[in-house]
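Any read-out appearing in this document is the output of simple, stated calculations on the displayed coordinates, not a laboratory observation. Please read all numbers here as calculations on a predicted model, not as lab measurements. Counting neighbours? That spans all protein chains shown, and the Cβs are built from the backbone with ideal geometry, glycine included.
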């Protein structure tokens, strides 16, 4: 990663068109061949006809070559992204039964929601288990691997952007971690030991707290400069209540109403109406396109520079 010297201006211009691409990463979460933490067997726990398989608690057996071999990552740079201004990298962790092209891109419209938020941000969405009822974190189980993934994302985003003057700024972007549904598991291991420290400026859970409550509580307790936001339907109500109880016991203040601004240190829980469905949460929750709405509430990163004050 190339550091940007303090006070050095970035001379690159805003992007003139949307740039979206699927790119195979060296440091993608899959393939993964280790032993998941706390388990007494390797990730691939069976073999048949030369194929390795993993037994998912919810989905049964999935095969390595079909489910756990896609190294691609969806990269997206909105039109008007301006590396000369403060900017962010949004890392999106999808849920179960998902692929990048059909679900993340077209159905959930995650790139569009990032673009329409007005946030000066780029998107990075890795493929996790492909079309499977499996929330495995893959190489994100490994201490420090998320740092290597983010560093590679910066290099590849700078290449996709195409302006050499923006390279250092893009490779140094702060990170906002977003998880939906089964993305909670890799998100939990990332906040536990992902290796990027204060570069992680916020965590957004969209109906995505189903376990690992202690890991999120510990991260909230020690990261006072970052925000935490969890919106949830009735399917994740109990886990969100458990996290709120933990935070209360640790005397950590939190809000249960949607604020106008998600500033550093803020902790927010938002319960959505009873009729909100988990499977459609990324499209319709407290509003349509909820990711767009929550990203728009992050202050300090507008995609356009504020107008200069007139001289009197």
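Things to note:
- Nearest 10 degrees, 0 to 90: helix 145-161 Cα axis against the chain principal axis: 50 degrees
- Distance between modelled label sites at residue 58 and residue 252, nm, 7 Å Cα→Cβ extension: 2.4 nm
- Contact order normalised by residue count of region 141-211, Cα under 8 Å, 6+ apart, percent: 40 percent
- Length-normalised contact order for the chain - Cα pairs under 8 Å, 6+ apart - percent: 18 percent
- Among 274, 101, 64, residue whose mean-square fluctuation peaks in a GNM of the chain (springs only between Cα atoms under 10 Å): 274
- Panel note: the C-alpha atoms of the chain, placed on their principal axes, show extents of 76, 43, 33 Å (largest first).
- Cα gyration tensor shape of region 112-162, rounded if a/c is under 1.5, else prolate or oblate by comparing a/b with b/c: oblate
- Three semi-axes of the equivalent ellipsoid, region 25-94, Cα gyration tensor, whole Å, largest first: 35, 13, 10
- Share of pairwise Cα separations in region 153-312, more than 22 Å, in percent: 47 percent
- Relative to the longest principal axis of the Cα atoms of the chain, helix 213-222 runs at roughly 30 degrees.
- For the chain, the longest principal axis of the Cα atoms and the long axis of helix 237-249 meet at an angle of about 70 degrees.
- Residue exposure sequence - 282, 97 - by fewest surrounding Cβ within 10 Å: 97, 282
- Springs join every pair of Cα atoms under 10 Å in this Gaussian network model of the chain, and among 207, 289, 253 the largest mean-square fluctuation is at 253.
- Taking the centroid of alpha carbons for each part, region 11-45 and region 185-255 are 22 Å apart.
- From least to most packed, judged by other beta carbons within 10 angstrom and beginning with the fewest, 304, 257, 272, 55 follow the order 257, 304, 55, 272.
- Residue with peak Gaussian network fluctuation, the chain [Cα springs, cutoff 10 Å], from 260, 108, 116: 260
- P(r) tail for region 107-243: Cα pairs beyond 28 Å make up 17% of the total.
- Cβ crowding within 10 Å averaged over residues, with 38-46, 147-155 ranked highest first: 147-155, 38-46
- Taking all Cα pairs closer than 8 Å and separated by 6 or more residues, the relative contact order of region 132-274 comes to 21 percent.
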